[in-house]
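The values are calculated or read from the model by the stated rules, or taken from the named source; none is laboratory data. All values derive from a computational prediction rather than experimental measurement. Backbone-built Cβ (ideal geometry, glycine too); neighbour counts: all protein chains shown.
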Amino acid sequence: MKRTLAIFALLSLPVLAGEVSVIRLPDGGMIPDLALGEDGTLHAVFGRRGGGSGGNAFYARAERPGAAWGEAVRIDSQDGSCTLGMERGPRIALGKEGTIHALWQGRNAVCHSRSTDGGKTWSEARNLVDADVGIDSPAIAADGKGNVWAIWIDSRQGDDPKSPTSGTLFLARSEDDGATWSANYAARYPYEGRACACCSLEAGVNQAGRLLVAFRGALQGFRDVYLLEGDARGEGFQSLRVSEDNWRMNECPMDGPAVSLEKGSRKLLVAWRSRDEVYHAGSADGRRFSERAAPAVPGGERRYPGVAFGASGEYFFAWVEGGEVVWELRSRSGKVSRSGRESGLPGRTRFAVLAGPDGAFFLVY
């Protein structure tokens, strides 16, 4: 009895602002994606190995970041239907009136399911791709008005000779919170090249209600990162090159960008890998970015960066180095106030980062 009370007390302790904590996924979980509800509930989707070379998509929730996970619920119904490994795993977005949306990559498929009862039950998975083509790196975004967007890299237009190892960004859109979906359509934007074929995408909705998509480009082999901003229909995209790294390679590094939006403003952060280093840059409006910033201390090969805005203007920057997760906590001006290193990251997976409503930060893997 005393042990039970001690555990309950630990889970009930408040988390201090600026504190950095590690949250482990339910047994066997890998490649998480996170969403924080307006009530502070932590929602997570993640994969588990099984069913041959693939795996399955699962959902779990905690009443607040750092509290115990509830029961993990399997989202998909077919064994091995979720592609897993490196960056590939299920993605999550919160929609209208608490609807939870999950998206994952299958064999030539972008699979969508939703829950309208807080994650207890899920709709039958639906393939949103309306042609028999290869796809990769699906991402999802939703707003509170019933708009949901699925974005992925698509092969139906073939490789671009100017962009080795590349594909076209395609979208599908729902206006009724995921009940029905549009036909697929290609994103149009003022960038001559296509997206790097296997690097993950990031999608979100900014304070003005506009759709954001971050991707790694591939024009003439240059793998720099771009940010698109479009209207509610997922059209009229503007394109911005986040940083001119001029990293040139004729293959895909399988390491896409990460994005964090500051609540209540149009400020955002983008983090990415270039060669063997990771960087981040900020923007007040999504139109211009600050100069890129690398970790404060030189290190070895760095991959899979993550970034998160905090409630008080601080931000969290993390990456994988030597099989561990290394992180820095930075002030609004970019000065490093704390740093650390966490072990126990499983192989062929990546972490997720989260800023709690109370100013604490979390690494989830």
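Things worth noting here:
- Boolean, P305 is part of a strand (DSSP E or B), touching a residue at least 12 places away in the same chain (Cβ under 8 Å), more than 14 Å from F361 (Cβ to Cβ) and not hydrophobic (A, V, I, L, M, F, W, C): yes
- Residue match in the range 201-215 (condition: charged (D, E, K, R), in a loop (DSSP other than H, G, I, E, B) and closer than 23 Å to A293 by Cβ): no
- Listing of strands (runs of 3 or more DSSP E) fully contained in the range 99-148 that carry 3 or more residues being surrounded by fewer than 24 Cβ atoms within 10 Å (Cβ to Cβ) and among the basic types (K, R): none
- Enumeration of residues in the range 221-266 that are closer than 21 Å to L354 by Cβ, out of contact with any Asp or Glu (no Cβ under 8 Å at 6 or more places or on another chain) and in a loop (DSSP other than H, G, I, E, B): E262, K263, G264, S265
- Residue list for the range 169-192, restricted to those being surrounded by fewer than 19 Cβ atoms within 10 Å (Cβ to Cβ) and in a strand (DSSP E or B): Y185, A186
- Enumeration of residues in the range 193-216 that are touching a Lys or Arg at 6+ places or on another chain (Cβ under 7 Å) and within 30 Å of G144 (Cα to Cα): A195, C199, N206, Q207, A208, R216
- Single residue of the range 311-352 satisfying the filter (touching a residue at least 60 places away in the same chain (Cβ under 8 Å) and within 17 Å of K267 (Cβ to Cβ)) that is farthest from the chain's Cα centre (by Cα): S312
- Within the set E235, E262, the sole residue that is closer than 30 Å to D176 by Cα and surrounded by 19 or more Cβ atoms within 10 Å (Cβ to Cβ) turns out to be E262.
- In summary, strands (runs of 3 or more DSSP E) completely within the range 311-365 and bearing 1 or more residues that are more than 20 Å from G37 (Cα to Cα) and of a type outside the set (V, I, T) occur at 315-321, 324-330, 336-342.
- Residue match in the range 287-306 (condition: on the phi > 0 side of the Ramachandran plot, modelled with pLDDT of 95 or more and surrounded by fewer than 21 Cβ atoms within 10 Å (Cβ to Cβ)): no
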